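Every number in this text was worked out from the coordinates using simple rules, so none of it is lab data. In this text the structure is predicted, and so the values were computed from the model without any measurement. Here the Cβ is made from the backbone with ideal geometry for all residues, glycine too, and neighbour counts use every protein chain on show.
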Amino acid sequence: MHNFNLLNESTIQLPSGVFAGVESYVCYPDGELEGIRLSEKNMLVTHAGELIPAYTETHRRKIKYSVEFYKNGMIKAVALDEQQEIQTPIGEFPAELVTFFETGELKRFFPLDGKISGLWSEEEEKSLAIPFNFELSFTKFTAIITGVGFYKSGDIRSITLFPGEAITVQTKYGDILTHSGFSLYESGELESLEPLNQAQIQTPIGIIAAFDPNAVGVNADSNSLVFDKSGNVTALVTVSSRIAVQTQDGRFLTFAPRDVVNPLNDETMMTEGLLISFDYATGAVTFEEDGKKSTFSVDGNGFTVVAYDSSAYMCSPADCASCSLKNLHGK
């Protein structure tokens, strides 16, 4: 069933208001309005303030909906015509793209929304950015960001860093140089981060080098080095540590990263990290290889951590540009 009315060939009425200058629109399979592109100036009143959706085109902006909707007609995302100041739970920030929860609260904002392509480079996009200052319980930094995500409560969900930016995050394992970004629990504790380099982590089975060179996240809501609210590491990815396990029944098993064909280049190889997770309540450690999980009790089994050396190719930021830079503004 349609949840909108066509007042005329260029005007649509929705629960969120009347939109004039509708150039085109797309519907969900069941007929609900999914998104519209505008050719005239409109103004929306939202939790982020009064927003002007995109109605002009430039060579640096992505071709996307001016306004995107949930099936119930509530606004899901607004691509702004120009960068403008918006209201966020942590103050005013400039934005070119904002997204919302289905209940109307601000979900995420992006200061810039340029399309990285042959016509617009990452360097050109970064030249338009300004650094922002943040002070949290575990880090204080000034850096260029691609976006900030929020919980419905208004607490910060994650902060995503612009490619090439790095900050220092304090953990119980020491200071860790972080790129890509980090996420928080709703109560404010550090939840996860993406190490820039090998981070030596003391785990229940020994010291493991945590690092995922192939981490490509649309945003920093989820990262390869994960902590519980007490600051203990509960999961990590390693490409340079191999774990030998001697089980209680006398078996010898080995878990290690593996070399796979680079999906961006069939002629080269890359190292796929080994995912290791820890359950402190049960005293268990789990290794995940190629989607298969193997769980052991830390007590009663023997674990030896040794270096894993591979000559396989690992993705660099330049090599991953075709996938990571195109996904900077995921919702």
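On the basis of the beta-carbon distance and an R0 of 41 Å, ASN72 and SER187 show a calculated FRET efficiency of 0.85.
Label-to-label distance, ASN265 versus ASN197, with points set 7 angstrom from Cα along the beta-carbon direction: 2.4 nm. Relative to the Cα centre, the charge distribution of region 177-331, modelled as +1 at Lys and Arg Cβ and -1 at Asp and Glu Cβ, gives a dipole magnitude of about 60 debye. The mean sequence separation of alpha-carbon pairs under 8 Å and at least six residues apart, normalised by the residue count of the chain, gives a relative contact order of 9 percent. Pairs spanning more than 27 Å between alpha-carbon atoms, out of LYS140/LYS229; LYS41/LYS76; LYS115/LYS172: LYS115/LYS172. Rounded to the nearest 20, the Cβ-based charge dipole of the chain about its Cα centre (Lys and Arg +1, Asp and Glu -1) stands at 280 debye.
The length gained on full extension between VAL45 and VAL18, counted as 0.36 nm times the residue separation minus their Cα-Cα distance, comes to 8.6 nm. Taking label positions 7 Å along the Cα-Cβ direction at both LYS62 and ASP279, the computed distance is 3.7 nm, reported to one decimal. With Rg and Dmax of the Cα atoms in Å as the read-out, I listed [x] 22.9, 77; [y] 18.5, 58; [z] 31.3, 121; which label goes with the value calculated from this structure? So the structure-derived entry is [x]. The label point for VAL26 and the one for THR247, both projected 7 Å from the Cα toward the Cβ, are 4.9 nm apart.
On the beta carbon distance between LEU177 and THR103, with R0 = 41 Å, the FRET formula returns roughly 0.65. Note on LYS293 and THR168: with the Förster distance fixed at 30 Å, the Cβ-Cβ geometry gives a FRET efficiency of about 0.35.
Sorting the segments 189-196, 33-40 by their residues' average number of neighbouring beta-carbon atoms within 10 angstrom, most packed first, yields 189-196, 33-40.
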